[in-house]
Amino acid sequence: MGIDDISPRDIVRLAADLSWKRWDDEVVIHDDATGNTHLLAPDAAEILACLEAAGGACPRADLARRVSLRLDVATVEETEFATWIAEILSDFKAMDLIDLEPAR
Amino acid sequence: MRLSDLSDVEVRRRLRGEGLTLRTGPFVMRLRSSLDEIHAGVTTLYADYPAEDDGGFADFHVAVAPAGGLRAWVRPQVAFSLDGWSPFNTLPRGQALPLLEWGLNWCANLQGLHFLVLHAGAIERDGRVAILPAPPGSGKSTLCAGLIHRGWRLFSDEMALVSMDGASLTPLARPVSLKNRSIDVIRDFAPQSVFSRPVRDTAKGTVALMKAPTDSVLRKHDTATPAWIVFPRFEAGAPARLTPRSKGRTCLEVGTNALNYTHLGRAGFAALTNLVDRCDCYDLIYSDLGEAEKIFAALEPPA
(Lines give C-alpha, C1' and ligand atoms only; values in the text may rest on other atoms or scores of the structure.)
Protein backbone atom coordinates (compact mmCIF):
# COMPACT_ATOMS: atom_id res chain seq x y z
CA MET A 1 0.00 0.00 0.00
CA GLY A 2 1.40 3.39 -1.02
CA ILE A 3 0.89 6.48 1.07
CA ASP A 4 -1.34 8.03 -1.58
CA ASP A 5 -3.60 5.01 -1.61
CA ILE A 6 -4.79 5.14 1.98
CA SER A 7 -7.75 6.95 3.32
CA PRO A 8 -7.76 9.31 6.32
CA ARG A 9 -9.22 6.46 8.38
CA ASP A 10 -6.42 4.07 7.60
CA ILE A 11 -4.04 3.26 10.41
CA VAL A 12 -0.48 4.53 10.73
CA ARG A 13 1.40 2.20 13.03
CA LEU A 14 4.83 2.77 14.54
CA ALA A 15 7.08 -0.08 13.43
CA ALA A 16 10.14 1.02 15.36
CA ASP A 17 11.20 0.98 19.01
CA LEU A 18 12.63 4.46 19.29
CA SER A 19 15.27 6.17 21.41
CA TRP A 20 15.50 9.92 21.02
CA LYS A 21 18.05 12.70 21.21
CA ARG A 22 17.26 16.35 20.45
CA TRP A 23 19.77 19.10 19.71
CA ASP A 24 18.22 22.49 18.91
CA ASP A 25 17.16 22.11 15.29
CA GLU A 26 18.04 18.44 14.89
CA VAL A 27 16.59 15.21 16.17
CA VAL A 28 18.43 11.91 16.07
CA ILE A 29 16.44 8.72 16.57
CA HIS A 30 17.61 5.16 17.03
CA ASP A 31 15.42 2.26 16.09
CA ASP A 32 16.25 -0.26 18.78
CA ALA A 33 14.63 -3.01 16.73
CA THR A 34 16.80 -2.61 13.63
CA GLY A 35 19.81 -0.74 15.02
CA ASN A 36 19.33 2.03 12.44
CA THR A 37 19.94 5.66 13.35
CA HIS A 38 18.28 8.57 11.54
CA LEU A 39 18.72 12.32 11.55
CA LEU A 40 15.40 14.15 11.30
CA ALA A 41 14.21 17.71 11.06
CA PRO A 42 12.34 18.62 14.26
CA ASP A 43 8.97 19.04 12.51
CA ALA A 44 9.25 15.62 10.90
CA ALA A 45 10.26 14.12 14.22
CA GLU A 46 7.05 15.53 15.75
CA ILE A 47 5.05 13.15 13.57
CA LEU A 48 6.77 10.20 15.20
CA ALA A 49 6.44 11.80 18.61
CA CYS A 50 2.70 12.23 18.06
CA LEU A 51 2.43 8.63 16.93
CA GLU A 52 4.22 7.48 20.07
CA ALA A 53 1.93 9.70 22.19
CA ALA A 54 -1.07 8.05 20.51
CA GLY A 55 0.09 4.68 21.77
CA GLY A 56 1.98 3.72 18.63
CA ALA A 57 -0.95 3.65 16.19
CA CYS A 58 -3.79 5.91 15.06
CA PRO A 59 -5.78 6.82 11.95
CA ARG A 60 -3.97 9.04 9.52
CA ALA A 61 -6.48 11.87 9.96
CA ASP A 62 -6.11 11.71 13.72
CA LEU A 63 -2.34 11.77 13.42
CA ALA A 64 -2.52 14.81 11.16
CA ARG A 65 -4.75 16.58 13.70
CA ARG A 66 -2.35 15.80 16.55
CA VAL A 67 0.62 17.03 14.54
CA SER A 68 -1.12 20.23 13.50
CA LEU A 69 -1.92 20.99 17.13
CA ARG A 70 1.64 20.21 18.24
CA LEU A 71 3.19 22.34 15.49
CA ASP A 72 0.51 25.02 15.62
CA VAL A 73 0.00 25.00 11.86
CA ALA A 74 -3.48 26.54 11.81
CA THR A 75 -2.29 29.23 9.41
CA VAL A 76 -0.92 26.74 6.90
CA GLU A 77 -3.19 25.77 4.06
CA GLU A 78 -4.80 22.41 4.74
CA THR A 79 -3.84 20.74 1.47
CA GLU A 80 -0.24 21.89 1.83
CA PHE A 81 -0.08 20.40 5.31
CA ALA A 82 -1.68 17.15 4.16
CA THR A 83 0.84 16.88 1.34
CA TRP A 84 3.71 17.50 3.73
CA ILE A 85 2.47 14.83 6.15
CA ALA A 86 2.00 12.38 3.27
CA GLU A 87 5.55 12.95 2.06
CA ILE A 88 7.04 12.49 5.49
CA LEU A 89 5.00 9.34 6.15
CA SER A 90 6.17 8.00 2.82
CA ASP A 91 9.77 8.61 3.87
CA PHE A 92 9.16 6.96 7.24
CA LYS A 93 7.63 3.95 5.50
CA ALA A 94 10.72 3.65 3.31
CA MET A 95 12.87 3.84 6.45
CA ASP A 96 10.81 1.03 8.04
CA LEU A 97 9.79 3.33 10.88
CA ILE A 98 6.04 2.96 10.26
CA ASP A 99 3.55 0.56 8.75
CA LEU A 100 0.33 1.51 7.02
CA GLU A 101 -2.80 -0.57 7.44
CA PRO A 102 -6.16 -0.16 5.71
CA ALA A 103 -9.08 0.71 7.99
CA ARG A 104 -11.41 -2.20 8.74
CA MET B 1 59.06 -4.94 33.44
CA ARG B 2 59.18 -3.51 29.95
CA LEU B 3 59.88 -5.47 26.83
CA SER B 4 63.14 -3.55 26.46
CA ASP B 5 64.26 -5.03 29.80
CA LEU B 6 64.23 -8.50 28.27
CA SER B 7 67.26 -9.70 26.38
CA ASP B 8 66.93 -10.25 22.68
CA VAL B 9 67.43 -13.95 23.27
CA GLU B 10 64.64 -14.02 25.85
CA VAL B 11 62.22 -12.16 23.55
CA ARG B 12 62.94 -14.65 20.80
CA ARG B 13 62.57 -17.57 23.22
CA ARG B 14 59.16 -16.37 24.33
CA LEU B 15 57.96 -15.63 20.79
CA ARG B 16 58.95 -19.11 19.67
CA GLY B 17 57.77 -20.81 22.84
CA GLU B 18 54.76 -20.17 25.07
CA GLY B 19 54.34 -16.64 23.76
CA LEU B 20 55.41 -13.09 24.51
CA THR B 21 52.82 -11.46 26.76
CA LEU B 22 52.40 -7.70 26.35
CA ARG B 23 49.92 -5.23 27.77
CA THR B 24 48.58 -2.73 25.26
CA GLY B 25 46.12 -0.32 26.85
CA PRO B 26 43.33 -2.31 28.54
CA PHE B 27 44.23 -5.52 26.70
CA VAL B 28 46.85 -8.20 27.27
CA MET B 29 48.01 -10.13 24.23
CA ARG B 30 50.11 -13.25 24.04
CA LEU B 31 51.98 -13.42 20.77
CA ARG B 32 53.76 -16.37 19.22
CA SER B 33 55.84 -16.20 16.08
CA SER B 34 58.99 -17.75 14.71
CA LEU B 35 59.34 -15.03 12.07
CA ASP B 36 62.33 -12.71 12.17
CA GLU B 37 60.12 -9.94 10.77
CA ILE B 38 57.86 -10.13 13.81
CA HIS B 39 60.76 -10.33 16.24
CA ALA B 40 62.41 -7.26 14.72
CA GLY B 41 59.15 -5.31 14.51
CA VAL B 42 58.01 -6.12 18.03
CA THR B 43 61.36 -5.28 19.66
CA THR B 44 61.37 -1.93 17.83
CA LEU B 45 57.74 -0.91 18.19
CA TYR B 46 56.78 -2.46 21.52
CA ALA B 47 60.00 -1.82 23.48
CA ASP B 48 58.20 0.38 26.05
CA TYR B 49 55.22 -1.89 26.66
CA PRO B 50 54.87 -3.86 29.89
CA ALA B 51 55.93 -7.45 29.36
CA GLU B 52 53.86 -9.65 31.62
CA ASP B 53 55.04 -12.89 33.16
CA ASP B 54 54.71 -16.13 31.29
CA GLY B 55 51.54 -18.03 32.07
CA GLY B 56 49.42 -15.10 33.19
CA PHE B 57 46.03 -14.12 31.81
CA ALA B 58 45.84 -12.82 28.25
CA ASP B 59 42.83 -11.42 26.38
CA PHE B 60 44.17 -12.57 23.02
CA HIS B 61 46.32 -15.53 22.12
CA VAL B 62 47.56 -14.62 18.67
CA ALA B 63 50.19 -15.91 16.29
CA VAL B 64 51.74 -14.93 13.00
CA ALA B 65 53.14 -18.03 11.37
CA PRO B 66 54.24 -19.25 7.96
CA ALA B 67 51.32 -20.53 5.91
CA GLY B 68 51.31 -24.25 5.30
CA GLY B 69 51.29 -26.26 2.11
CA LEU B 70 52.79 -24.92 -1.06
CA ARG B 71 52.82 -21.41 0.40
CA ALA B 72 55.56 -22.45 2.78
CA TRP B 73 57.92 -22.71 -0.20
CA VAL B 74 56.61 -20.80 -3.21
CA ARG B 75 56.28 -17.06 -2.61
CA PRO B 76 56.02 -17.72 1.12
CA GLN B 77 53.00 -16.37 2.87
CA VAL B 78 52.04 -15.85 6.50
CA ALA B 79 48.83 -16.24 8.45
CA PHE B 80 47.46 -14.40 11.48
CA SER B 81 45.54 -16.52 13.94
CA LEU B 82 43.56 -16.00 17.11
CA ASP B 83 43.26 -19.06 19.32
CA GLY B 84 44.32 -21.13 16.35
CA TRP B 85 41.69 -19.67 14.04
CA SER B 86 42.80 -17.70 10.98
CA PRO B 87 40.16 -15.09 10.17
CA PHE B 88 42.07 -13.45 7.29
CA ASN B 89 43.60 -14.49 4.01
CA THR B 90 47.30 -15.20 4.11
CA LEU B 91 49.64 -12.42 2.98
CA PRO B 92 53.17 -12.35 1.60
CA ARG B 93 55.74 -12.91 4.31
CA GLY B 94 57.09 -9.38 3.95
CA GLN B 95 53.73 -8.09 5.24
CA ALA B 96 53.90 -10.05 8.48
CA LEU B 97 54.18 -6.99 10.72
CA PRO B 98 51.30 -5.00 9.19
CA LEU B 99 49.26 -8.21 9.29
CA LEU B 100 49.93 -8.47 13.03
CA GLU B 101 48.77 -4.89 13.59
CA TRP B 102 45.63 -5.34 11.50
CA GLY B 103 44.93 -8.54 13.37
CA LEU B 104 45.37 -6.85 16.75
CA ASN B 105 42.94 -4.12 15.72
CA TRP B 106 40.45 -6.81 14.88
CA CYS B 107 41.02 -8.52 18.26
CA ALA B 108 40.59 -5.26 20.16
CA ASN B 109 37.29 -4.72 18.40
CA LEU B 110 36.16 -8.23 19.33
CA GLN B 111 37.14 -7.78 22.96
CA GLY B 112 36.03 -4.19 23.33
CA LEU B 113 32.39 -4.93 24.01
CA HIS B 114 32.40 -2.93 27.22
CA PHE B 115 33.30 0.13 25.14
CA LEU B 116 31.74 1.95 22.25
CA VAL B 117 34.57 1.35 19.78
CA LEU B 118 34.97 4.09 17.20
CA HIS B 119 37.08 3.81 14.09
CA ALA B 120 38.88 7.01 14.94
CA GLY B 121 42.13 8.48 16.08
CA ALA B 122 42.19 10.00 19.55
CA ILE B 123 44.71 12.35 21.15
CA GLU B 124 44.75 13.99 24.58
CA ARG B 125 46.00 17.21 26.11
CA ASP B 126 45.35 18.48 29.66
CA GLY B 127 42.92 15.64 30.33
CA ARG B 128 40.76 16.37 27.28
CA VAL B 129 40.53 14.18 24.23
CA ALA B 130 40.11 15.15 20.60
CA ILE B 131 38.49 12.35 18.64
CA LEU B 132 39.34 12.18 14.94
CA PRO B 133 36.86 9.96 13.11
CA ALA B 134 37.46 9.70 9.41
CA PRO B 135 37.54 7.20 6.56
CA PRO B 136 40.84 5.86 5.21
CA GLY B 137 42.74 8.40 3.14
CA SER B 138 41.47 11.40 5.07
CA GLY B 139 44.81 12.15 6.72
CA LYS B 140 43.66 11.02 10.17
CA SER B 141 46.73 8.96 11.00
CA THR B 142 49.10 11.58 9.63
CA LEU B 143 47.46 14.22 11.78
CA CYS B 144 47.56 11.94 14.81
CA ALA B 145 51.21 11.08 14.22
CA GLY B 146 52.15 14.72 13.84
CA LEU B 147 50.29 16.05 16.86
CA ILE B 148 51.63 13.43 19.26
CA HIS B 149 55.05 14.95 18.57
CA ARG B 150 53.70 18.39 19.47
CA GLY B 151 52.41 18.00 23.00
CA TRP B 152 49.44 15.72 22.51
CA ARG B 153 49.30 12.22 23.97
CA LEU B 154 48.41 9.30 21.72
CA PHE B 155 45.22 7.57 22.79
CA SER B 156 44.82 5.61 19.61
CA ASP B 157 45.52 5.88 15.94
CA GLU B 158 42.73 3.53 14.87
CA MET B 159 40.27 2.79 17.65
CA ALA B 160 38.82 5.18 20.19
CA LEU B 161 37.48 3.30 23.22
CA VAL B 162 34.55 5.26 24.65
CA SER B 163 33.03 4.32 27.99
CA MET B 164 29.40 3.27 27.86
CA ASP B 165 28.32 6.48 29.58
CA GLY B 166 30.13 8.50 26.90
CA ALA B 167 32.03 10.37 29.60
CA SER B 168 35.57 9.06 29.19
CA LEU B 169 38.00 7.42 26.83
CA THR B 170 40.48 4.66 27.61
CA PRO B 171 43.87 4.83 25.91
CA LEU B 172 44.96 2.13 23.50
CA ALA B 173 48.32 3.52 22.41
CA ARG B 174 49.74 1.23 19.77
CA PRO B 175 52.02 1.83 16.79
CA VAL B 176 50.65 4.34 14.29
CA SER B 177 50.14 2.92 10.82
CA LEU B 178 51.27 5.36 8.14
CA LYS B 179 50.94 4.92 4.43
CA ASN B 180 52.69 6.12 1.32
CA ARG B 181 53.59 9.84 1.36
CA SER B 182 52.58 10.21 4.99
CA ILE B 183 55.65 8.25 6.02
CA ASP B 184 58.06 10.89 4.71
CA VAL B 185 55.78 13.73 5.85
CA ILE B 186 56.07 12.52 9.46
CA ARG B 187 59.80 11.75 9.14
CA ASP B 188 60.29 15.39 8.12
CA PHE B 189 57.87 16.76 10.72
CA ALA B 190 59.21 14.66 13.59
CA PRO B 191 62.72 13.40 12.76
CA GLN B 192 62.97 11.76 16.19
CA SER B 193 60.13 9.35 15.38
CA VAL B 194 60.98 5.66 15.17
CA PHE B 195 59.64 3.55 12.33
CA SER B 196 59.47 -0.07 11.33
CA ARG B 197 60.92 -0.96 7.95
CA PRO B 198 58.45 0.20 5.25
CA VAL B 199 56.52 -2.64 3.65
CA ARG B 200 55.69 -2.12 -0.01
CA ASP B 201 52.85 -3.44 -2.16
CA THR B 202 50.33 -4.05 0.61
CA ALA B 203 46.63 -3.58 -0.12
CA LYS B 204 47.10 -0.07 1.30
CA GLY B 205 50.29 0.72 -0.62
CA THR B 206 53.52 1.18 1.29
CA VAL B 207 52.97 0.88 5.03
CA ALA B 208 55.31 1.78 7.89
CA LEU B 209 54.50 1.61 11.57
CA MET B 210 55.57 4.44 13.85
CA LYS B 211 56.46 3.62 17.45
CA ALA B 212 54.06 5.17 19.96
CA PRO B 213 55.74 7.76 22.22
CA THR B 214 56.95 6.25 25.50
CA ASP B 215 54.82 8.57 27.64
CA SER B 216 51.68 7.50 25.77
CA VAL B 217 52.51 3.84 26.34
CA LEU B 218 53.29 4.22 30.04
CA ARG B 219 50.13 6.23 30.82
CA LYS B 220 47.99 3.30 29.75
CA HIS B 221 45.59 3.67 32.68
CA ASP B 222 45.07 7.45 32.40
CA THR B 223 41.60 7.87 30.99
CA ALA B 224 40.43 11.31 29.89
CA THR B 225 37.32 13.30 29.05
CA PRO B 226 36.03 13.71 25.50
CA ALA B 227 36.07 17.36 24.49
CA TRP B 228 36.25 17.67 20.71
CA ILE B 229 35.20 15.63 17.72
CA VAL B 230 37.10 16.76 14.63
CA PHE B 231 36.59 15.24 11.19
CA PRO B 232 39.90 15.81 9.37
CA ARG B 233 40.27 15.87 5.62
CA PHE B 234 43.58 16.29 3.85
CA GLU B 235 43.23 18.54 0.80
CA ALA B 236 46.45 19.24 -1.08
CA GLY B 237 47.33 22.92 -1.02
CA ALA B 238 44.36 23.98 1.09
CA PRO B 239 44.90 26.37 3.99
CA ALA B 240 43.90 24.82 7.32
CA ARG B 241 40.29 25.62 8.11
CA LEU B 242 38.19 24.56 11.09
CA THR B 243 34.42 24.87 10.76
CA PRO B 244 31.75 23.90 13.29
CA ARG B 245 29.51 21.00 12.43
CA SER B 246 26.14 20.19 13.95
CA LYS B 247 25.81 17.62 16.70
CA GLY B 248 23.14 15.72 14.82
CA ARG B 249 25.30 15.23 11.74
CA THR B 250 28.26 14.42 13.97
CA CYS B 251 26.24 11.80 15.83
CA LEU B 252 25.15 10.15 12.62
CA GLU B 253 28.63 10.05 11.13
CA VAL B 254 30.41 8.94 14.31
CA GLY B 255 27.83 6.16 14.59
CA THR B 256 28.68 5.12 11.05
CA ASN B 257 32.34 4.99 12.07
CA ALA B 258 31.66 2.95 15.21
CA LEU B 259 32.74 -0.64 14.94
CA ASN B 260 30.28 -2.16 17.40
CA TYR B 261 27.50 0.43 17.49
CA THR B 262 24.85 -1.79 15.93
CA HIS B 263 25.76 -4.64 18.24
CA LEU B 264 25.35 -2.45 21.34
CA GLY B 265 21.83 -1.36 20.39
CA ARG B 266 20.14 1.16 22.68
CA ALA B 267 23.17 1.29 25.01
CA GLY B 268 25.37 2.22 22.04
CA PHE B 269 23.00 5.03 21.07
CA ALA B 270 23.06 6.35 24.64
CA ALA B 271 26.87 6.22 24.73
CA LEU B 272 27.12 7.92 21.36
CA THR B 273 24.70 10.76 22.12
CA ASN B 274 26.24 11.34 25.55
CA LEU B 275 29.65 11.50 23.90
CA VAL B 276 28.52 14.01 21.27
CA ASP B 277 26.73 16.04 23.95
CA ARG B 278 30.04 16.61 25.71
CA CYS B 279 32.02 17.60 22.65
CA ASP B 280 32.42 20.57 20.39
CA CYS B 281 32.25 19.27 16.84
CA TYR B 282 34.18 20.43 13.78
CA ASP B 283 35.30 19.69 10.26
CA LEU B 284 38.98 20.32 9.57
CA ILE B 285 40.50 20.75 6.13
CA TYR B 286 44.28 20.84 6.12
CA SER B 287 47.32 20.27 3.98
CA ASP B 288 50.07 21.46 6.29
CA LEU B 289 50.69 19.81 9.65
CA GLY B 290 52.15 22.98 11.16
CA GLU B 291 48.93 24.87 10.41
CA ALA B 292 46.83 22.04 11.79
CA GLU B 293 48.96 22.01 14.92
CA LYS B 294 48.17 25.70 15.56
CA ILE B 295 44.46 25.07 15.15
CA PHE B 296 44.54 22.21 17.64
CA ALA B 297 46.59 24.26 20.09
CA ALA B 298 43.88 26.93 20.02
CA LEU B 299 40.97 24.58 20.75
CA GLU B 300 39.04 25.77 23.77
CA PRO B 301 37.39 23.35 26.20
CA PRO B 302 33.66 22.97 25.55
CA ALA B 303 31.48 25.42 27.46
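Classify the stretch B:221-284 as rounded, prolate or oblate from the Cα gyration tensor: take a ≥ b ≥ c as the square roots of its eigenvalues, call it rounded if a/c is under 1.5, otherwise prolate when a/b beats b/c and oblate if not. Prolate is the answer for the stretch B:221-284, as a/c is 1.5 or above and a/b outweighs b/c. Compared with the rule-of-thumb size 2.2 N^0.38 Å for a compact globular protein, the protein assembly as shown has a Cα radius of gyration ratio of 1.18. Taken one residue at a time, the phi angles of the stretch A:13-26 give Karplus couplings (6.51, -1.76, 1.60, θ = phi - 60°) of 10, 5, 9, 10, 9, 9, 10, 10, 8, 10, 10, 6, 9, 9 Hz. Gly and Pro are set to x.
Computed from the alpha carbon positions, the gyration tensor of chain B leads to an equivalent ellipsoid with semi-axes of 32, 21, 18 Å, biggest first. Classified by the C-alpha gyration tensor, the stretch B:66-215 has an oblate form. Its axis ratio a/c, with a ≥ b ≥ c, is 1.5 or above, and a/b does not exceed b/c. Where the centroid of each part is defined by its Cα atoms, how far is the stretch A:75-104 from the stretch B:191-207 in Å? One Cα centre to the other: 54 Å. For the set A:38, B:221, B:61, the ranking by accessible area, highest first and with no ligand, DNA or RNA atoms included, is B:221, B:61, A:38 under a 1.4 Å probe. Beyond 21 Å in Cα-Cα separation lie the following of the pairs B:179/B:294; B:179/B:220; B:140/B:204; A:21/B:247; A:93/B:247: B:179/B:294; B:179/B:220; A:93/B:247. Neighbours of residue B:151, meaning other residues whose beta-carbon lies under 13 angstrom from its beta-carbon, give a summed charge of +1 when Lys and Arg score +1 and Asp and Glu score -1. Volume per residue of the convex hull around the Cα atoms, evaluated for the stretch B:133-231, comes out as 103 Å³.
Between A:86, A:57, B:87, the Cα set farthest toward the positive side of the dipole of the protein assembly as shown (charges on each charged residue's Cβ, about the Cα centre) is that of B:87. Amide H contacts under 5 Å for residue B:2: B:51, restricted to partners 5 or more places along the chain or on a different chain, H placed in the peptide plane at 1.01 Å from N.
Charging the Cβ of each Asp and Glu at -1 and of each Lys and Arg at +1, and nothing else, the dipole of the stretch A:12-97 about its Cα centre rounds to 320 debye.
Is the C-alpha gyration tensor of chain A telling us rounded, prolate or oblate? Criteria: a/c under 1.5 is rounded; beyond that, a/b larger than b/c is prolate, otherwise oblate. Since a/c reaches 1.5 but b/c is at least a/b, the shape of chain A is classed as oblate. Once the Cβ-Cβ distance of residue B:206 and residue B:277 is raised to the sixth power relative to R0 = 35 Å, the FRET efficiency obtained is 0.30. Going by amide H atoms built from the backbone, whose H comes under 5 Å of the H on residue A:18, apart from near neighbours? For residue A:18, whose amide H was placed from the backbone, the distant partners under 5 Å are A:32.
The helix-based estimate of mean residue ellipticity at 222 nm for the protein assembly as shown, built from -39,500 (n - 2.57) per DSSP H run of four or more residues and divided by its residue count, is -10000 deg cm²/dmol to the nearest 500. Each residue was assigned an accessible area with a 1.4 Å probe, and for residue B:93 the value is about 80 Å².
Peptide A:10-19 has a mean shielding of 1, counted as Cβ atoms of other protein chains within 10 Å of each residue's Cβ. Separation of the stretch B:34-70 and the stretch B:168-183, taken as the distance between their Cα centroids, equals 19 angstrom. Across the alpha-carbon set of the stretch B:1-116, the Rg to Rh ratio works out to 0.96, Rh being the Kirkwood radius.
Averaged over the residues of peptide B:249-258, the number of Cβ atoms from other protein chains lying within 10 Å of each residue's Cβ is 3. Summed over all non-identical Cα pairs, the Kirkwood treatment of the stretch B:162-202 gives a radius of 12.8 Å. Using bins of 5 Å that start at zero, the share of Cα-Cα pairs per bin across the stretch B:157-292 amounts to 2, 9, 14, 16, 18, 19, 14, 6, 1, 0, in whole %.
The values are calculated or read from the model by the stated rules, or taken from the named source; none is laboratory data. Bear in mind the structure is a predicted one, so any value in this text is a computation, not a measurement. All Cβ positions, glycine included, derive from the backbone under ideal geometry; neighbour counts span all protein chains shown. For accessibility, only protein heavy atoms count, side chains too; no ligands or nucleic acids. Shrake-Rupley method; radii C 1.70, N 1.55, O 1.52, S 1.80 Å.
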